[in-house]
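A short worksheet on the structure shown next.
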Amino acid sequence: MSLYCIKMRASVLKNDENIHISGAEKIINMEYIAKCSQNLINRALFHANGKPDFINLKIEEISNEKIKKLKSLPITTISVKSPKEGVKKVDELLKNIGIKNSKKILDKFKETYQMRGAMLLDINTLQRLEPDFKRGLRATYMDNSKIEFNPTKNHFHEALVLATKVANAPNIVGEICISDDKDYQIGYFASKKTGYVRITKLKEKGYEFGGRIFLYDGDIKDVNKTIEYLEKQCVIVEECNDLEKHSKWNFIEDELENLKNKKLYRNLLEVESPINTRVICNSKELLMFASNNYLNLANDEEIKEFVTQIIKNYGTGSGASRLICGNFKLNNQLEKALASFKNTEASLVFNSGYVANLTILSTLFDENDVIFSDELNHASIIDGCHLSKAHTIIYKHNDMQDLENKIKSVSFKKAVIVSDAVFSMDGDIVNLPELLKLAQKYNLFSMVDEAHSTGVIGKVGKGIVEYFNIKDTPDILMGTLSKAIGAEGGFVCGKKILIEYLKNKARGFIFSTALSPVTIASAIKGLDIIQKQPQRILKLQENIKYFNKILKEFNIKAQSETAIFPIIIGNEAKTLKISEQLFDKGYFISAIRYPTVEKGQARLRITLNANHKKSDLKNLVKDLSIILKETK
Ligand SMILES: *Cc1c(COP(=O)(O)O)cnc(C)c1O
């Protein structure tokens with residue numbers, strides 16, 4: 001039986017010269033020729049390097065006797081902190097296999113940068129042996145043993161196949177490779193003796209130059225045998241099972257390493273107390289300035305007592321989704337209370353605010369619709385836009401002129417403007433009156449996320465509509481039970497027909513088990529307390545005023561009308577360090593970094609609650625001001 005080698009080369013014509021843009025090869029059974037050809041042509045047509053003027057597809061029969069079968073080199077990975085350390089590792093590996101002038105060999109790398117192929121280097125004389133210095137030597141006619149066709153390109157598998165073929169070439173003692181992909185810092189050293197050694201960093205990120213050197217140790221007279229083998233010998237590499245396991249997880253290891261280097265790695269801190277104004281964390285008492293527990297309802301005695309009774313009557317689980325196994329009276333009670341609090345006809349509860357945004361947007365809007373979304377909207381809105389498949393148009397932050405220009409620039413059958421009411425990482429407030437005017441003028445739906453406005457702004461904490469003291473209400477008022485209300489879950493308030501529609505169509509409602517009666521009960525009681533004890537809201541609003549005043553006194557630029565005060569630092573590592581220093585001083589304040597905010601916009605996000613004392617606020621500003629001065 002024969003196999004077939006398919007080779008694809010794509011190029012563009014520039015000044016009468018064919019410039020290579022992509023290429024690939026596969027060795028496969030006859031039955032896969034059509035499928036594989038199609039795939040390679042697509043690869044050529046849609047390559048990141050550009051659209052080709054020419055695609056060359058060559059299909060060649062190869063008889064089985066001419067094929068050499070090899071076992072893949074064993075793989076190890078060496079993690080290094082910097083390219084400098086990586087190069088040092090290569091130097092050590094070269095010495096390990098008995099090569100003395102490793103420094104000089106590594107110096108040769110510069111000469112490989114413009115070459116498509118590899119340099120063939122005599123390790124003793126440092127003479128270059130490849131026939132064409134400009135083009136370099138290209139190893140071809142090789143593939144892995146997976147004859148059945150796999151359409152995904154796997155750079156790692158392809159590199160391993162090449163390295164295995166090269167390591168088995170006559171008179172070749174090793175290979176060094178650095179990728180020319182500017183996002184790919186990983187390189188490798190391969191030889192029969194060391195196996196395939198991945199080194200996590202061999203060049204700086206963003207550096208587009210790479211290259212390959214084959215190390216030749218033998219009589220110059222035999223060099224043609226080596227070249228002949230590399231260019232013509234057909235090789236199939238059997239990958240060991242080990243490889244599959246190894247390579248499957250590589251992307252995770254690499255990305256975690258990457259996050260650590262960029263100071264974007266996240267850790268969970270263990271809290272050993274309820275969430276209050278003071279918490280115990282790492283056995284240390286800290287003043288909490290990071291939670292969204294604005295009215296201190298997350299650990300409230302009255303709520304706990306009420307919930308204890310509910311547990312006795314209803315238990316702790318809800319059994320299934322509300323449409324499947326019945327619906328506790330509690331759920332209806334909560335929805336009635338929410339609708340009344342927000343002055344709408346009806347409401348519906350979801351399992352979290354995140355799910356609410358995903359579900360509402362994807363149920364109401366589809367690929368025929370347009371969503372106008374503020375550039376600083378919460379991630380759950382962004383994800384909701386994606387899930388809906390609607391054409392999403394991002395407008396400048398709270399810029400109603402930009403929004404109107406963008407509305408005028410497109411045509412649509414159905415569209416919505418969606419915005420945070422209070423922006424979660426900046427603490428500023430949407431220009432709702434203007435937003436509603438535009439929605440009315442252009443006949444659009446309006447949707448507002450009240451996660452950080454409910455219980456915080458407005459005379460008695462009813463949120464954004466009360467804050468602006470307007471008659472109109474957004475069509476879709478979304479919020480969460482997890483912040484000021486102190487429980488868990490998301491909600492939407494609006495017209496009765498909107499709620500009926502969602503109950504019938506919203507997948508995030510239909511296909512998810514209802515929240516526990518414990519959670520529903522705490523939300524009911526939380527909402528009840530908010531309405532019966534407006535002094536909590538007044539106290540929070542007083543704290544906000546006082547904090548603004550103190551910040552001004554200490555010349556810290558951060559003013560806010562809401563409970564969220566961003567102190568923008570910029571640099572991720574610096575922000576993390578300040579957050580750690582504040583932790584040492586007894587303050588729990590998180591460093592907010594990408595992807596929660598843009599890269600280079602890292603910040604401390606300070607949130608206030610009703611139970612912070614004036615002295616707490618003043619002490620924080622004093623300490624913060626000292627730390628900020630020291631880090632400048
Ligand atoms: C927290 C938050 C959500 C998500 O609510 P959860 O109940 O925590 O899932 C949605 N939108 C905004 C603006 C938020 O800050």
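Once the other residues with Cβ under 11 Å from the Cβ of Glu302 are scored (Lys, Arg +1; Asp, Glu -1), what is the net sum?
Values: positive: Lys304, Lys525, Lys532; negative: Asp300, Glu301, Glu305, Asp528.
Net local charge, Glu302 excluded: -1.
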- Assigned charges on the beta-carbon of Lys, Arg, Asp, Glu; region 483-531 dipole about Cα centre (debye): 220
- Is any helix in the chain, taking whole DSSP H runs, at least 20 angstrom long along its axis by alpha carbon and on average at least 0.0 on the Kyte-Doolittle scale, and which ones? 517-532
- Protection proxy (average C-beta count within 10 Å per residue), highest first, orders 457-467, 53-63 as 457-467, 53-63
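Run the helix sum for the chain: -39,500 (n - 2.57) per DSSP H stretch of 4+ residues, divided by residue count, reported at 222 nm to the nearest 500 deg cm²/dmol. Walk me through the numbers on the way to the answer.
Working: 19 runs with 231 residues, N = 632.
The helix-only estimate for the chain comes to -11500 deg cm²/dmol at 222 nm.
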- Would you kindly compute the Cα radius of gyration of region 541-632 and its largest Cα-Cα separation (Dmax), both in Å? 12.5, 34
- Task: Name the residues whose placed amide hydrogens come within less than 5 Å of the amide hydrogen of Glu238, ignoring near sequence neighbours (fewer than 5 apart) on the same chain.
- Result: Leu70, Lys71, Ser72
- Message: Would you calculate the convex hull of the Cα atoms in region 422-485 and tell me its volume per residue in Å³?
- Response: 78
- When every protein chain stays in place and a 1.4 Å probe is rolled, Ser362, Ser283 sorted by accessible area with the largest first are Ser283, Ser362
- Task: Just the number, please: percent antiparallel of the DSSP beta bridges in the chain, rounded to the nearest 5.
- Result: 65
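Using the Cα centre as the reference, give the magnitude of the dipole from point charges on the C-beta atoms of the chain (Lys, Arg: +1; Asp, Glu: -1; all else neutral), rounded to the nearest 20 debye.
Details: 93 positive and 78 negative charges, 171 e Å.
Result for the chain is approximately 820 debye, rounded to the nearest 20.
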- So for the pair Ser409, His155, with labels modelled 7 Å out along Cα→Cβ, what separation do we get in nm? 3.3
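Using mean Cβ contacts within 10 Å as the protection proxy, how do 298-306, 156-164, 124-132 order, highest first?
Values: 298-306: 15.8, 156-164: 21.2, 124-132: 14.1.
Result, highest mean first: 156-164, 298-306, 124-132.
Taking 0.36 nm per residue of separation and subtracting the Cα-Cα distance, what length does fully extending Asp383 through Gln309 add? Spell out each step's value before the answer.
Details: separation 74, 0.36 × 74 = 26.64 nm, distance 3.77 nm.
Extending this stretch completely gives an extra 22.9 nm.
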- Query: Packing-wise, with mean Cβ within 10 Å as the measure, how do 564-571, 444-451, 392-399 rank, highest first?
  - Reply: 444-451, 564-571, 392-399
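Could you grab the relative contact order for the chain? Cα pairs under 8 Å, six or more apart, rounded to a whole percent. Don't jump to the answer; show the numbers that get you there.
Values: 1229 pairs, mean separation 73.4, N = 632.
With pairs under 8 Å counted, the relative contact order is 12 percent.
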- Long-range HN-HN contacts of Ile21 with modeled amide H, under 5 Å: Ala10, Ser11, Val12
- Query: On full extension of the chain, what length is gained from Ser340 through Lys134, given 0.36 nm per residue of separation minus the C-alpha to C-alpha distance?
  - Reply: 66.5 nm
- Query: Can you list the residues, at least 5 places off or on another chain, whose amide H is less than 5 Å from the amide H of Ser590, using H built in the peptide plane?
  - Reply: Arg605
- What is the log10 of I(q)/I(0) for the chain, computed with the Debye formula using one identical point scatterer on each Cα and no solvent, at q = 0.05 Å⁻¹? -0.36
- Query: If Ile429, Ile537 are ordered by their accessible area, calculated over protein heavy atoms with a 1.4 Å probe, which sequence runs from highest to lowest?
  - Reply: Ile429, Ile537
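First measure r as the distance between the Cβ atoms of Asn571 and Lys182, then evaluate 1/(1 + (r/R0)^6) with R0 = 35 Å and state the FRET efficiency to the nearest 0.05. Spell out each step's value before the answer.
Details: r = 23 Å, r/R0 = 0.65.
Efficiency at R0 = 35 Å is approximately 0.95.
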- Query: With θ set to phi - 60° and the Karplus curve 6.51 cos²θ - 1.76 cosθ + 1.60, what are the ³J(HN,Hα) couplings of region 320-326 in order, to the nearest whole Hz, using x for Gly and Pro?
  - Reply: 5, 5, 5, 7, 8, 10, x
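Relative contact order of region 88-129: what whole-number percent is it, with Cα pairs under 8 angstrom and at least 6 residues apart? Each step should come with its number before you reach the end.
Details: 22 pairs, mean separation 11.3, N = 42.
That works out to 27 percent.
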- Task: Between the alpha-carbon centers of region 268-314 and region 158-203, tell me the distance in whole angstrom.
- Result: 54
- Message: At a threshold of 8 angstrom on Cα-Cα distance, excluding pairs fewer than six apart, so keeping six or more, what relative contact order does region 248-318 reach in percent?
- Response: 17
- region 551-596, convex hull of Cα, quarter of hull surface, nm² -> 3.9
- Across region 271-280, in residue order, what do the Karplus-derived ³J(HN,Hα) couplings come to in whole Hz, using 6.51 cos²θ - 1.76 cosθ + 1.60 with θ = phi - 60° and x for Gly and Pro? 9, 10, 9, x, 7, 9, 5, 10, 10, 9
- Item | Vicinal HN-Hα couplings computed from phi for region 192-198 (Karplus, 6.51 cos²θ - 1.76 cosθ + 1.60; Hz; Gly/Pro x) | 4, 6, 8, x, 9, 10, 7
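Just reorder Met30, Met142 by solvent-accessible area, largest first, 1.4 Å probe, all chains present. All intermediate terms of the calculation are to be shown ahead of the outcome.
Values: Met30 125, Met142 20 Å².
Descending accessible area places them as Met30, Met142.
The values are calculated or read from the model by the stated rules, or taken from the named source; none is laboratory data. Here the structure is a predicted model, which means the values were calculated and not measured. Backbone-built Cβ (ideal geometry, glycine too); neighbour counts: all protein chains shown. Accessible surface is based on the protein model in full, side chains and every heavy atom, while ligands, DNA and RNA are left aside. Shrake-Rupley method; radii C 1.70, N 1.55, O 1.52, S 1.80 Å.
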